[in-house]
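Below: one structure, written as structure tokens.
The values are calculated or read from the model by the stated rules, or taken from the named source; none is laboratory data. The model shown is predicted, which means the values in this text are computed figures rather than measured ones. Reconstructed Cβ throughout: ideal geometry from the backbone, glycine too, with neighbour counts over all protein chains shown. Accessible surface is based on the protein model in full, side chains and every heavy atom, while ligands, DNA and RNA are left aside. Shrake-Rupley method; radii C 1.70, N 1.55, O 1.52, S 1.80 Å.
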Amino acid sequence: NTWLILASCFEGDETLYQAELEGWLKLGVLEHLDVIKLGQRGRRTGPHDILRRRARRVVSWLDRGGSVYACGESKAFSGALDETLVEVLGRQGNMTSAEAIDFLQVMRRDGRYVEEVY
């Protein structure tokens, strides 16, 4: 199953896909959906915050074979996604930093962790 974290940059972006997203949730194509409104004033929530907030679920999901496909600006990611996943795996997955880094390397090798940055 798929967990989508949709970062909406402009007010109303997510409504363009609302019907499809709701349909995918009902059909079970999407297991989880989190929508983040990046453009809101005073709110600095990002995908990394969602991963931290849902750390237990993230680790369980990855242990069950979940995959991570991340797409966005390289300066926005700049290693922060790796750092967040290492933190989450360490805290909720009872891994050392080295074990978490190895876990992510195996995920990359197996095609379960892919970043498309531009």
Quiz item: For region 24-56, which residues satisfy the criterion of being open to solvent by 90 Å² or more (accessible area, probe 1.4 Å) and modelled with pLDDT under 85?
Solution: Arg41, Arg43, Arg44
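Before we move on, is Trp3 at pLDDT 75 or above and under 15 Å from Cys71 (Cα atoms)?
Judged against the criteria, Trp3 is a match.
Take the residues of region 72-97 that are outside any helix (DSSP H, G or I) and either open to solvent by 80 Å² or more (accessible area, probe 1.4 Å) or of a type in the set (Val, Ile, Thr) (or both): which is modelled with the lowest pLDDT? Before you say what the answer is, go through the steps one by one.
The initial filter retains those residues of region 72-97 that are outside any helix (DSSP H, G or I), namely 72-73, 78-79, 94-96.
From what's left, either open to solvent by 80 Å² or more (accessible area, probe 1.4 Å) or of a type in the set (Val, Ile, Thr) (or both): 73, 78, 94, 96.
On the way: Glu73: 69, Ser78: 62, Asn94: 93, Thr96: 96.
Of everything passing the filter in region 72-97, Ser78 is modelled with the lowest pLDDT.
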Exercise. List every residue pair whose Cβ atoms lie under 8 Å apart, where the two residues are 6 or more positions apart in sequence or sit on different chains, the first residue falls within region 86-103 and is closer than 12 Å to Val58 by Cβ, and the second residue, located anywhere, is basic (Lys, Arg).
Key: Glu87/Arg52; Val88/Arg52; Gln92/Arg56
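Can you report the number of residues in region 57-71 which are open to solvent by 80 Å² or more (accessible area, probe 1.4 Å) and at pLDDT 85 or above? Walk me through it before giving the result.
We begin by selecting, within region 57-71, every residue open to solvent by 80 Å² or more (accessible area, probe 1.4 Å); these are 57, 63-64, 69, 71.
Imposing the further condition that a residue be at pLDDT 85 or above reduces the set to 57, 63-64.
Qualifying residue count, region 57-71: 3.
Return the residues of region 104-118 that are in a helix (DSSP H, G or I) and more than 16 Å from the chain's Cα centre (by Cα); say none if nothing qualifies.
Filtering region 104-118 down to residues in a helix (DSSP H, G or I) leaves 104-109.
Once the filter is applied, which keeps residues that are in a helix (DSSP H, G or I) and more than 16 Å from the chain's Cα centre (by Cα), region 104-118 yields Gln105, Val106, Arg109.
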Quiz item: Do any residues in region 49-61 that are over 11 Å from His32 (Cβ atoms) have Cβ atoms under 6 Å from those of residues that are open to solvent by less than 10 Å² (accessible area, probe 1.4 Å) and not hydroxyl-bearing (Ser, Thr, Tyr), where the two are at least six apart or on different chains, and which pairs are they?
Solution: Leu51/Val58; Leu51/Val88; Ala55/Val88
